[in-house]
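This report concerns only the one structure given below.
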Amino acid sequence: MSRGLRVEKEKLFEPVSISGVLHLKNRIVRSATYEKRADEDGFATDGLIAMYEALAAGGAGLIITGVALVHPSGRLGPKMISIHSDRYVDGLSKLTDAVHAKGGVIALQIVHGGRQSLPLFIGGALPMAPSAVYDRSADVTPRPMTDSEIWRIVDAFADAARRARSAGFDAVQIHGAHGYLVSSFISSHTNRRDDYWGGDEERRFHFIEEVFKGMRAEAGEDFPILVKMNCDDLLPEGGLKPEEAARVAQRLAAMGLDAVEISGGMRESPIKTIRPAILKETQEAYFRQAGALFKKRLLIPVVLTGGMRSRRVMEDVLQRQEADMIGMSRPLIREPDLPNLMAGGKEKADCISCNKCANFVKYETVECIELLGKGKD
Ligand SMILES: Cc1cc2nc3c(=O)[nH]c(=O)nc-3n(C[C@H](O)[C@H](O)[C@H](O)COP(=O)(O)O)c2cc1C
Ligand code: SF4
């Protein structure tokens, strides 16, 4: 029982379903978290599978994998899962089998890095983007995509969704947040085109619309498609803001989107997606206002991610109708069994939001560096 919060009926451990197809035993979602555990070519390794087995045994209602690459031109880092060829399906099938054997439900998150794909990881090439808008966080100006390149990547998302289904995933999630390719087409800051793909709000929606349509056609009507999207690009000027973001989600819901996860920010935003030092309850659930807006506008399930640490706050978010599900990344890096621990009465995650785990480049894999005591240097 959450202390100090009087509620008629606690919701966090209530089952929930997505489109009547995905039946989840509770409302805790492991939000996508890059693992750095695939091999150099993007194939599933024993270490990657073991990590997902532990998460499944840990009790989360839904697990979303870290970014899986839909096309080599969109690589964001080393050792990320790949899904841009049928060759990856067998290895990923072993991963989904292992998760299902532990009673888990798992979605594959698919991505193209777009303007935030670092030249280092794409053979020194310039990253592709809707428009040539300088990214000061990486000191790179990407090159604008041609019409045929855009359609090629739309197809790559569609093919990835079909492969996700063949590999036994229970759902697929489009990474439409954090400034990567899909997000950069939606954002007025990064999309300065004046053609079918950009120019006004409606045309900026076309890329995610075509991606969604392609995925639906390839993966089937009954395969859940989720989107993680920004509610706010968190830029001082311009970019996506909550009202437009809610309209994007509404349009997708009208097309048959099964659930939406809310996040925010891009690499160059001064306010960060992965916010450090969340030590007080008032710093938690940092996108909850947008959650309330999305909940008012949508009938599909809303997952709220960002700074969820205390069971009390999670329950409050659910009770106030700011979300239907609670997404967590860092707390489950530190404690993959946090859902089970909370079901047993634990009140607060151990993660101190030091962000050492987010320093991908420095360490061999993504893990809780703080817990390992490696972060002292
Ligand atoms: C190490 C690390 C890797 C991440 N990888 C991804 C990813 O692959 N896809 C994604 O959408 N978000 C990714 N994120 C962002 C998280 O999913 C989440 O939106 C953010 O960390 C805020 O949630 P939290 O406070 O629960 O960590 C990552 C975050 C961390 C710390
Ligand atoms: S290193 Fe550990 S304590 Fe620090 S943010 Fe990552 S998971 Fe949390």
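Taking the range 120-169 as the range and being among the hydroxyl-bearing types (Ser, Thr, Tyr), more than 18 Å from ILE83 (Cα to Cα) and touching a residue at least 12 places away in the same chain (Cβ under 8 Å) as the test, the residues that pass are SER131, SER137, THR141. Restricting attention to the range 43-65, the residues that are in a loop (DSSP other than H, G, I, E, B) and crowded, with 22+ Cβ neighbours inside 10 Å total 5.
For the range 118-133, taking the residues that are within 24 Å of the chain's Cα centre (by Cα) and modelled with pLDDT of 95 or more, the one that is nearest to TRP197 (Cα to Cα) is identified as PRO130. Among residues of the range 276-293 that are under 14 Å from CYS351 (Cβ atoms), those with a Cβ under 8 angstrom from a residue that is modelled with pLDDT under 95 and small (Gly, Ala, Ser), sequence gap 6+ or separate chain, pair up as GLN283/ALA277.
Of the residues ARG275, ARG203, the single one that is in a loop (DSSP other than H, G, I, E, B), within 29 Å of SER137 (Cα to Cα) and touching a Phe, Trp or Tyr at 6+ places or on another chain (Cβ under 8 Å) is ARG275. Checked against (1) surrounded by fewer than 16 Cβ atoms within 10 Å (Cβ to Cβ); (2) within 14 Å of ligand 1 (Cβ to nearest atom), VAL366 passes all but a single condition, namely (1). The numbered conditions (1) within 13 Å of ligand 1 (Cβ to nearest atom); (2) over 16 Å from HIS178 (Cα atoms); (3) surrounded by 24 or more Cβ atoms within 10 Å (Cβ to Cβ) are all true for GLN283 except (3). Does LEU371 satisfy being outside any helix (DSSP H, G or I) and away from ligand 1 (no atom under 13 Å from the Cβ)? Taking the combined requirement at face value, the residue does not satisfy it. Checking each residue in the range 113-170 for being assigned to a helix (DSSP H, G or I) and within 15 Å of ASN191 (Cα to Cα) picks out GLY114, ARG115, GLN116, ASP147, ILE150. What residue, among those in the range 328-363 that are among the polar types (S, T, N, Q) and in contact (Cβ under 8 Å) with a residue 60 or more places away in the chain, is nearest to ligand 1 (Cβ to nearest atom)? Ranking the candidates gives SER329 first. Comparison of THR273, THR282 shows that the only residue that is more than 16 Å from ligand 2 (Cβ to nearest atom) and either hydroxyl-bearing (Ser, Thr, Tyr) or within 20 Å of SER329 (Cα to Cα) (or both) is THR282. The single condition among (1) small (Gly, Ala, Ser); (2) surrounded by fewer than 19 Cβ atoms within 10 Å (Cβ to Cβ); (3) touching a helix residue (DSSP H, G or I) at 6+ places or on another chain (Cβ under 7 Å) that GLY74 does not satisfy is (2).
So that you can scan it fast, the table gives a plain yes or no per residue for (1) within 12 Å of ligand 1 (Cβ to nearest atom); (2) under 24 Å from GLY307 (Cα atoms):
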{"position": "HIS23", "(1), (2)": "no, no"}
{"position": "ASN26", "(1), (2)": "no, yes"}
{"position": "SER31", "(1), (2)": "yes, yes"}
{"position": "GLY42", "(1), (2)": "no, no"}
{"position": "THR45", "(1), (2)": "no, no"}
{"position": "TYR52", "(1), (2)": "no, yes"}
{"position": "GLY59", "(1), (2)": "no, yes"}
{"position": "VAL70", "(1), (2)": "no, no"}
{"position": "ARG75", "(1), (2)": "no, no"}
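Among the residues making up the range 145-173, those that are of a type outside the set (Gly, Ala, Ser), surrounded by fewer than 17 Cβ atoms within 10 Å (Cβ to Cβ) and farther than 26 Å from PHE223 by Cβ are THR146, ASP147, GLU149.
Among residues that are closer than 19 Å to PHE157 by Cα, assigned to a helix (DSSP H, G or I) and in contact with a Lys or Arg (Cβ under 9 Å, 6 or more places away or on another chain), PHE212 is not included.
Applying the criterion of being closer than 18 Å to TYR286 by Cβ and of a type in the set (Gly, Ala, Ser) to the residues of the range 219-268, the residue that is surrounded by the most Cβ atoms within 10 Å (Cβ to Cβ) is SER263. Residues in the range 227-247: is at least one in contact (Cβ under 8 Å) with a residue 12 or more places away in the chain, in contact with a strand residue (DSSP E or B) (Cβ under 8 Å, 6 or more places away or on another chain), assigned to a strand (DSSP E or B) and β-branched (Val, Ile, Thr)? Yes, some residue in the range 227-247 is in contact (Cβ under 8 Å) with a residue 12 or more places away in the chain, in contact with a strand residue (DSSP E or B) (Cβ under 8 Å, 6 or more places away or on another chain), assigned to a strand (DSSP E or B) and β-branched (Val, Ile, Thr). Here is a check on your reading of the model: is GLY91 modelled with pLDDT of 95 or more and part of a loop (DSSP other than H, G, I, E, B)? Spelling it out, it is not the case that GLY91 is modelled with pLDDT of 95 or more and part of a loop (DSSP other than H, G, I, E, B). Filter the range 99-120 for residues that are of a type in the set (A, V, I, L, M, F, W, C) and surrounded by fewer than 19 Cβ atoms within 10 Å (Cβ to Cβ) and give the result. ALA101, LEU118, LEU120 - these are the residues of the range 99-120 that are of a type in the set (A, V, I, L, M, F, W, C) and surrounded by fewer than 19 Cβ atoms within 10 Å (Cβ to Cβ).
The values are calculated or read from the model by the stated rules, or taken from the named source; none is laboratory data. Note that this is a predicted model, so its numbers are computed, not measured. Glycine also receives a Cβ, built like all others from the backbone with ideal geometry; neighbour counts cover every protein chain displayed.
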